[in-house]
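See structure below.
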Amino acid sequence: MSEFTHDILILGSGIAGLRAALEISMQSDGKVDMGIISKVQLMRSHSVAAEGGTAAVLRPEEGDSFDLHAWDTIKGSDFLADQDVVYRFVKMMPDEILRLDRWGIPWSRKPDGRIDQRPFGGHGYPRAVYAADKTGFFEMQTLYDNLLQYDNVTRYDEWFVTSYIIEDGVFKGLTAFDMATGEFHVFRGKALIIASGGIGRVSGFTTYSHTVTGDGIAMAYRAGIPLKDMEFVQFHPTGLIPTGILMTEACRGEGGYLRNNKGERFMERYAPSRMELAPRDIVSRSIITEINEGRGFPGPRGLDYVHLDLTHLGADKINERLGFIRELTMKFVGVDPVKEPIPIRPVWHYLMGGIDTNIDGKASGVEGVWAAGEAGCESLHGANRLGTNSTAECLVYGNITGNEALKYIDGKELPKFSGDAVQKEKDRIFNDLMKRDGKESVYELRSEVRDIIDKHMPVYRTGEKMKEGLERIRQVKERYKNITVRDKSKAYNTDLVFALELGFMIDVAEVLIAGGLRREESRGGHARLDFPKRDDEKWLKHTVAKYTPDGPEFEYKPVAITTWKPVERKY
Ligand SMILES: Cc1cc2nc3c(=O)[nH]c(=O)nc-3n(C[C@H](O)[C@H](O)[C@H](O)COP(=O)(O)OP(=O)(O)OC[C@H]3O[C@@H](n4cnc5c(N)ncnc54)[C@H](O)[C@@H]3O)c2cc1C
């Protein structure tokens, strides 16, 4: 076992992790020593999949404003966003776009050469800056290219982090193994930025990469850092049938329609002023209502659907703005969107909740830990995120947490730790997990988790179904004690990786179901048939879940309402 030391450790090399690394390199003139650890090759981080755009106010002279972006985000959040966070975010975003521009990103442009922007759901102004329908890929590539000029960064690609070492409330390091050799190692660092992404793969019908299993969030929870608002998960309205591949909201931003089996643009019934460009929670609920009331099409495996119709946009526009979407639908389902509608239904997409942080992205209750991007919950999105605000959040909070971590390490020595935590973790993996000889299959339990989430935490939830779901997930937790990791070899032992990921998935799934069961109202991504209304009197507050060996314990925190009072949400 070797020990690696760095001033700052960054867990994750998606947009949030790379933006933080670049900020630290720039601000320290390449002097602060950093380690970036990722379980996949850097450019395979999930962020490369982001398609439609990144939100920012670029043209106040043409009618957009910080107040409007803030209002759209807060109303979109069903008033659960912390408004001080939202204002800080919208004010920082324009510089992030211009910085990326100077760093060389090929933003899509208007004919006069200015950066183009397109409409997105819930935004009252077309403020999605984009690079065709591969925005995430180009953002990642640009951040990575610019990071290459610094030599203060050590990359640990295909290294799997298993736990954080926090002693006396202070971050000291983490444990990880090199997936190529299977060797277990320890990292010491003065500060940690968790940029480990979301939890999408707890669902079986999701837009997310197979690697998005909530590891960084679950490790924080196990280390005593609370999780916030985990019951708020976003269903994206348009997942391709039957794979769940995302049909970006830019399809509707560019003018696409949603139609039911009668050919009706049904959004007129639910959001007449915004139609297809209402926020995602509202569009997803509307699609499911159409399907439940018999106006959908029968799909495979119960995946009934409606149509996303782009045919009226014409081949030129589709090829220029949505070329990747056309490629995907033709390759995966043989549908050419120039000629025929695309079969879609709401798909498990984004985690609004995550590691509980303050407005600076600092994790609650510990020193030396920050969280940025989808893993962190500084409460920007509240109960429902607006499209394009997530890559934006990765940029802003990569920037903020990079600077905060730099300030924190100034003058600090590398911390020492007892070694007990490392030995305990090594034993957990190699003497316990690897040596278990139980009857349970990791793969069957993974499917079971997904089945539970899909059946018990769908777009419309009920207390009864969530209660059953919680019982089922607790059974899986018990059964996990009886798994076998069949592959005992060291190099690229994906059996072990899957077993560790499954443990993380079970923890986050338990928190999100238990949190949902307690929240007796409908707000944003948490829609309950048994409590169909938002209840500000009782539930205008954040859910905070703390780890105990017997399951999560819950507390609640107030929402920062600085500017806009909650009102009825109509579109
Ligand atoms: C298909 C799709 C399209 C999207 N399009 C848009 C869009 O157009 N606009 C928008 O704003 N948002 C979009 N989103 C959302 C957005 O892409 C994500 O929220 C965002 O990219 C998350 O970035 P991140 O940096 O937080 O994490 P990620 O990019 O997910 O990176 C996580 C990193 O953590 C590492 N990691 C995790 N666990 C471990 C471990 N145990 N050990 C070591 N490393 C680990 C991973 O290897 C990876 O490097 C989209 C999402 C999807 C699924």
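The values are calculated or read from the model by the stated rules, or taken from the named source; none is laboratory data. What you see is a predicted model; the values in this text were computed from it and never measured. Positions of Cβ are generated from backbone atoms using ideal geometry, with glycine treated the same way; all protein chains shown enter the neighbour counts. Ligands, DNA and RNA are stripped out before the accessible areas are found, and what is left, the full protein with its side chains, is counted by its heavy atoms. Shrake-Rupley method; radii C 1.70, N 1.55, O 1.52, S 1.80 Å.
Here residue 404 passes the criteria (1) closer than 19 Å to residue 20 by Cβ; (2) under 14 Å from the mean Cα position of the chain (by Cα) except the one numbered (2).
Looking only at segment 517-532, decide whether some residue is in a helix (DSSP H, G or I) and at pLDDT 95 or above. Yes - at least one qualifying residue is present in segment 517-532.
From the list 186, 202, 170, pick out the single residue that is aliphatic (A, V, I, L, M) and surrounded by fewer than 18 Cβ atoms within 10 Å (Cβ to Cβ).
Within the list 186, 202, 170, the selection yields 170.
Restricting the search to segment 434-447, which residues are free of Cβ contacts under 8 Å to residues at least 60 places away in the same chain and open to solvent by 50 Å² or more (accessible area, probe 1.4 Å)? Across segment 434-447, the qualifying residues are 435, 437, 439, 443, 444. Please enumerate the residues belonging to segment 230-282 that are closer than 30 Å to residue 218 by Cβ, among the acidic types (Asp, Glu) and within 15 Å of the ligand (Cβ to nearest atom). Once the filter is applied, which keeps residues that are closer than 30 Å to residue 218 by Cβ, among the acidic types (Asp, Glu) and within 15 Å of the ligand (Cβ to nearest atom), segment 230-282 yields only 249. Of all the residues in segment 135-161, those that are surrounded by fewer than 19 Cβ atoms within 10 Å (Cβ to Cβ) and either closer than 22 Å to residue 276 by Cα or hydroxyl-bearing (Ser, Thr, Tyr) (or both) number 3. With respect to the conditions (1) within 8 Å of the ligand (Cβ to nearest atom); (2) more than 17 Å from the chain's Cα centre (by Cα), residue 29 falls short on a single one, namely (1).
Residue 484 - would you say it is of a type in the set (Val, Ile, Thr), out of contact with any Gly (no Cβ under 9 Å at 6 or more places or on another chain) and open to solvent by 10 Å² or more (accessible area, probe 1.4 Å)?
No.
In this structure, residue 18 does satisfy being open to solvent by less than 40 Å² (accessible area, probe 1.4 Å) and either within 15 Å of the ligand (Cβ to nearest atom) or in a helix (DSSP H, G or I) (or both).
Specify which of the listed residues (518, 528) is open to solvent by 20 Å² or more (accessible area, probe 1.4 Å) and either under 16 Å from residue 219 (Cβ atoms) or within 23 Å of the chain's Cα centre (by Cα) (or both).
Working: 528 fails: open to solvent by 20 Å² or more (accessible area, probe 1.4 Å).
Matching residue, one of 518, 528: 518.
The conditions of being open to solvent by 20 Å² or more (accessible area, probe 1.4 Å) and within 12 Å of the ligand (Cβ to nearest atom) are met by residue 196. So which of 382, 365 is in a loop (DSSP other than H, G, I, E, B), more than 10 Å from the ligand (Cβ to nearest atom), surrounded by fewer than 24 Cβ atoms within 10 Å (Cβ to Cβ) and small (Gly, Ala, Ser)? Of 382, 365, the one residue that is in a loop (DSSP other than H, G, I, E, B), more than 10 Å from the ligand (Cβ to nearest atom), surrounded by fewer than 24 Cβ atoms within 10 Å (Cβ to Cβ) and small (Gly, Ala, Ser) is 365.
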